[in-house]
1. As a test, work out the antiparallel percent of DSSP beta bridges whose residues both lie in the chain, rounded to the nearest 5.
2. Given an 8 Å cut-off on Cα distances and at least 6 residues of separation, report the relative contact order of the chain as a percent.
3. I need the calculated FRET efficiency for the pair residue 282 and residue 67, taking r as the beta carbon distance and R₀ as 60 Å, to the nearest 0.05.
4. Distance between Cα centroids, segment 556-590 to segment 283-358: provide it in whole Å.
5. Using the beta-carbon distance between residue 484 and residue 570 and R0 = 22 Å, what value does 1/(1 + (r/R0)^6) give for FRET efficiency, to the nearest 0.05?
6. Using helices alone, I'd like the mean residue ellipticity at 222 nm for the chain: each DSSP H run of four-plus residues gives -39500 (n - 2.57), total over residue count, nearest 500.
7. Please determine, in degrees from 0 to 90 and to the nearest 10, the orientation of helix 540-552 with respect to the longest principal axis defined by the Cα atoms of the chain, where the helix direction is its Cα long axis.
8. With the cut-off at 1.5 for a/c, could you classify segment 540-637 from its C-alpha gyration tensor as rounded, prolate or oblate?
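Values quoted throughout were computed directly from the atomic coordinates according to the rules given, and no laboratory measurement underlies them. Fair warning: this is a prediction, and the values are worked out from it, not measured in the lab. Cβ sites come from the backbone with ideal geometry, for glycine too, and all protein chains shown count toward neighbours.
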Amino acid sequence: MAGEGFKRKLTAILSADVEGYSRLMGDNEEATVRTLTTYREVMTTLIQQHNGKVLDSPGDNLMAEFVSVVDAVQCAVAVQKEIQTRNDELPENRRMQFRIGINLGDVIQEEERIYGDGVNIAARLEGLAEPGGICISKTAFDHIESKLPYGYEFLGDQTVKNIAKPVGAYRVLMEPRVTVAGEPEKEKRPPMKRMPILVGIAALVVLAVAVGIWQFYLSRPSVEPASIDKMAYPLPDKPSIAVLPFDNMSGDPEQDYFSDGFTEDLITSISKIPDLLVISRQSTFTYKGKPVKVNQVAEDLGVRYVLEGSTQKSGQQLRINAQLIDAVKGHHLWSQRYDRKIDDLFRLKEDIILKVANELLVELVSGEYLREIVGYKDNPEPWQTNNLEAWETYWLATKSYRRYRKEDNARARELFTKAFELDPNWCLPLIFIGWTHQTDARMGYSESREKSFEQAAEIARRVITIYDQSATAHQLLGSIHLMKREFEEALPYYEKALSLNPNAAYTQAGMGSIMTYLVKPKEAIVHFKKAMRLSPFYPAWYLSRLGVCYHLTGQHEKAIEALKQGIERKPDQYFIHVRLAAVYSDLGREQEARAAAAEVLRIKPDFSVEAYARANPFRDPALVEHRKELLRRAGLK
């Protein structure tokens, strides 16, 4: 029966997250996790003391519900005051501040989870709150206005993401009982004495015209502008954009693959536009499920434009909301809601891509190139599909593949195979069957590493024969040669992949690795820098390899800085300490070199200089011997 297992209820929802969490993690992962764990325990205790219940706490988020709005607001105030007290004991750059949003709304409950606009509004209010502050909805305010000794400031009716109607919002002042109303009492109108009627009519006409102009030209909703000075990277000369994960508004977490797949399709297609800088999915998906502000995203990633939206799939009906925001100016360039049949999914993607290109004044040439970027026509080419079941199966497979566990990799291969069988003309699931074989070899899941490599290479060659413009197929062949330490053979495949998709961060990093081992460190630095720019939340090994390249070019202080940053992110990756020991040894800083070597042996007691050299086969025997000598000087054997 429809709706079985669900029930509706009215409840007070508290949503909290950490302001500047990405920065804190980037500065010091371990310290941030320790502080977050402590603060989450504090919050959980206070929630329980105020008759509430924690429902979920993914990442730096926390969601709780209360039967009473009074309890929810009192708890939020207690949380903020307690955290403020604890923050006073920490260095300023390590203080962790939460934003809290509270809403009273109708929700759907399924076992221990709740869904619906009531929850979403709480999350959006959280995004409106100041660091260390609390923001509540008008429905919550109406229940507590005269019941608690706090002040409130009306913030106006706020247009928030994926909520049809504006939401009335109040800031909780926590201390003085002063309420700044949003709707002042109407003043008595003074009697009109000797005011000419015609003047009044003219004034009304002028006012009506002005209102009309405002509505048609200036009424796009505004957002807090991003600060160019606070951006992690300088804005490039060409338009730059981040596509945030589209929200799954279906109420069913199992439908996440659909919204994620649609988002990734957009990123992949937009990345092919050469006149754009497009941030990789690896970085934009770190915001998934978090009520972040657009200006924060722009500053974190160093982009001017942000595309965000939502999908809602129900049976054969599909609703997609999309909006493109100029984060620097703080306003929407374009927004659209689509209510279509599910079969129109691919045409909707085409429409959104073309709208983005048009708003960013990017020229899309006609003909074959345009069709490749847009990715859909009535008669799809090998890189496209119009088979919805194949498309959905492919993204279900991708979800399994990215877990990188043996059983998930095998399941992904089954689903990729099914997707290819549903549309044998579509190359993408076929090439990812090849990637699952590569993963088997890389992770040691197969009985024969060489056989898995060959199976992957055979599929990649097959795809290239069908469609030579597949960047993913060229990258797969290049990655196989790279892992087999066949750097000269890997090079042309990576060059081809980058010519087809220069916005691919992981391919740029792979090219950087090849150049490192071919002892072309200057070229390697260029590629690693590009990879970091395209994926600002990059993994620690980018820094590790970059440190090696700085060392090889004689930029020792830059090498030390990069390696130390890598250690802060991944303290227990022994090879970063190895590379740091080599730099210190080369500089004659014996004490620091031996300290780094001691860390190597703490993490990997069986470390061997010879084994390490075999795993890092630079194409210069003299360089290999020199680096082995540096490590021995540092105390490694």
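1. Numbers: 55 of 67 bridges.
Bridges in the chain that DSSP calls antiparallel: roughly 80 percent.
2. Numbers: 1066 pairs, mean separation 49.2, N = 637.
Across the chain, relative contact order equals 8 percent.
3. Values: r = 41 Å, r/R0 = 0.68.
That gives a FRET efficiency of 0.90.
4. Segment 556-590 and segment 283-358 have Cα centres spaced 41 Å from each other.
5. Numbers: r = 25 Å, r/R0 = 1.15.
It comes out at approximately 0.30.
6. On the way: 25 runs with 327 residues, N = 637.
So the helix-based figure for the chain works out to -16500 deg cm²/dmol.
7. Value to nearest ten degrees: 50.
8. Working: a/c = 1.23, a/b = 1.04, b/c = 1.19.
In terms of gyration-tensor shape, rounded.
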